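The values are calculated or read from the model by the stated rules, or taken from the named source; none is laboratory data. Here the structure is a predicted model, which is why all the values come from computation and not from measurement. Cβ placement follows ideal geometry from the backbone for every residue including glycine, while neighbour counts extend to all protein chains displayed.
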Amino acid sequence: MMIIRIGDFIKRVLNNIFKQKKNIKLGLYGPVNSGKTSLANKICVDWIGEEMGIVSSIPHETREIKIKEKVEIKSKKGKSISFNLVDTPGIATRIDYEDFLKHRMSVKEAKKRAKEATKGVIEAIKWLDNMDCVLVVLDSTKNPYSQVNLTILGNLQARNIPVLVIGNKVDLKKSNLKAIEDAFPQYEVIGVSALNGNNIEEFYESLFRVIK
């Protein structure tokens with residue numbers, strides 16, 4: 001009898017181990033200055049009480065992968081999801097050091113920033129293979145039919161990664177969420193203001209529909 005009980009116990013333990021979900025990686029992707037880090041900060045402040053990164057109007061402020069582990073959110077129905085939140089550098093198809101000179105950087109600083117930004121974009125694309133789900137953050141005041149947006153979503157589709165499209169900056173007058181919905185009808189689109197918190201509760205509820 002003792003052997004049977006030990007065998008059953010071991011079986012239950014192994015079953016529980018294999019039933020446990022892996023550490024879900026939720027990635028934030030999007031073009032430069034679309035508000036990825038602002039959204040990452042909002043999520044982290046709301047659920048773990050601390051910001052994730054620095055927000056700046058200067059392009060490519062985020063040039064390295066940043067991770068907050070074990071971020072847990074809860075739904076209105078009492079469900080919860082825990083994930084590692086991954087903020088990635090803004091994706092760009094062209095990075096020119098001269099663009100940084102407009103922000104009062106020296107030539108040396110601008111070239112350094114451009115080099116780091118290029119490296120960051122390459123790293124962000126590589127990290128796609130590690131993602132379980134991706135939030136594509138787009139600036140809702142800009143035309144969604146851009147080469148960058150199509151490149152990001154094309155890469156995600158090729159990898160069959162679950163996607164939620166975030167139309168950020170809906171608090172601004174030029175915001176046009178419908179343009180994003182029309183551009184990418186195959187995806188769920190949620191409009192938010194990462195800075196002001198507009199529609200953030202609906203955004204959190206939507207995560208339970210896309211994170212598997």
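So which residues in region 174-212 are assigned to a helix (DSSP H, G or I) and either over 18 Å from the mean Cα position of the chain (by Cα) or among the hydrophobic types (A, V, I, L, M, F, W, C) (or both), if there are any at all?
Within region 174-212, the first condition is being assigned to a helix (DSSP H, G or I), and the residues that meet it are 177-183, 200-210.
The answer is LEU177, LYS178, ALA179, ILE180, GLU181, ASP182, ALA183, ILE200, PHE203, LEU207, PHE208, VAL210.
Within the group ASN143, ASN176, ASN130, ASN168, which residue is touching a Gly at 6+ places or on another chain (Cβ under 9 Å), polar (S, T, N, Q) and within 15 Å of GLY30 (Cβ to Cβ)? Full working, then the answer.
On the way: ASN143 fails: touching a Gly at 6+ places or on another chain (Cβ under 9 Å); ASN176 fails: within 15 Å of GLY30 (Cβ to Cβ); ASN130 fails: within 15 Å of GLY30 (Cβ to Cβ).
From the options ASN143, ASN176, ASN130, ASN168, the qualifying one is ASN168.
Output the residue which, of all residues in region 142-169 that are of a type in the set (A, V, I, L, M, F, W, C) and in contact with a Ser or Thr (Cβ under 8 Å, 6 or more places away or on another chain), is farthest from ALA92 (Cα to Cα). If you could, list the steps in order and put the result at the bottom.
Initially, region 142-169 is screened for residues of a type in the set (A, V, I, L, M, F, W, C), giving 148, 150, 152-153, 156, 158, 161, 163-166.
Narrowing the set further to residues that are in contact with a Ser or Thr (Cβ under 8 Å, 6 or more places away or on another chain) leaves 148, 164.
Values: VAL148: 6, LEU164: 20 Å.
Among those that are of a type in the set (A, V, I, L, M, F, W, C) and in contact with a Ser or Thr (Cβ under 8 Å, 6 or more places away or on another chain), it is LEU164.
Counting only residues that are touching a Lys or Arg at 6+ places or on another chain (Cβ under 8 Å) and closer than 21 Å to VAL210 by Cα, how many does region 166-180 have?
As a first pass, look at region 166-180 and keep what is touching a Lys or Arg at 6+ places or on another chain (Cβ under 8 Å): 175.
Restricting the remaining residues to those that are closer than 21 Å to VAL210 by Cα gives none.
Here the count works out to 0.
Is it true that VAL121 is part of a strand (DSSP E or B) and not aromatic (Phe, Trp, Tyr)?
No, not satisfied.
If PHE83 meets every condition in (1) farther than 24 Å from LYS142 by Cβ; (2) under 13 Å from the mean Cα position of the chain (by Cα); (3) at pLDDT below 85 apart from one, which number is that one?
(3)
Count, please, the residues in region 151-173 that happen to be part of a helix (DSSP H, G or I) and either β-branched (Val, Ile, Thr) or in contact with a strand residue (DSSP E or B) (Cβ under 7 Å, 6 or more places away or on another chain) (or both).
The first filter runs over region 151-173 and keeps only residues part of a helix (DSSP H, G or I), leaving 151-159.
Narrowing the set further to residues that are either β-branched (Val, Ile, Thr) or in contact with a strand residue (DSSP E or B) (Cβ under 7 Å, 6 or more places away or on another chain) (or both) leaves 151-153, 156.
The number of residues fulfilling the criteria is 4.
Quick check: is even one residue across region 13-25 of a type outside the set (Gly, Ala, Ser) and either assigned to a strand (DSSP E or B) or at pLDDT 85 or above (or both)? Write out each step before concluding.
Applying the first criterion (of a type outside the set (Gly, Ala, Ser)) to region 13-25 yields 13-25.
Those still in the list that are either assigned to a strand (DSSP E or B) or at pLDDT 85 or above (or both) too: 24-25.
Within region 13-25, one or more residues are of a type outside the set (Gly, Ala, Ser) and either assigned to a strand (DSSP E or B) or at pLDDT 85 or above (or both).
Considering every residue within region 35-45, establish whether at least one is loosely packed, with under 14 Cβ neighbours inside 10 Å, in contact with an Asp or Glu (Cβ under 7 Å, 6 or more places away or on another chain) and either modelled with pLDDT of 90 or more or not in a loop (DSSP other than H, G, I, E, B) (or both). Don't jump to the end; show me each part of the working.
First pass over region 35-45, keeping only residues loosely packed, with under 14 Cβ neighbours inside 10 Å: 45.
Filter once more, so that each one left must be in contact with an Asp or Glu (Cβ under 7 Å, 6 or more places away or on another chain): 45.
Still in the list and also either modelled with pLDDT of 90 or more or not in a loop (DSSP other than H, G, I, E, B) (or both): 45.
Yes, some residue in region 35-45 is loosely packed, with under 14 Cβ neighbours inside 10 Å, in contact with an Asp or Glu (Cβ under 7 Å, 6 or more places away or on another chain) and either modelled with pLDDT of 90 or more or not in a loop (DSSP other than H, G, I, E, B) (or both).
Looking only at region 125-150, how many residues end up being within 27 Å of LYS174 (Cβ to Cβ) and part of a helix (DSSP H, G or I)?
Filtering region 125-150 down to residues within 27 Å of LYS174 (Cβ to Cβ) leaves 134-150.
Going one step further and asking which of them are part of a helix (DSSP H, G or I), we end up with 147-150.
Matching residues across region 125-150 total 4.
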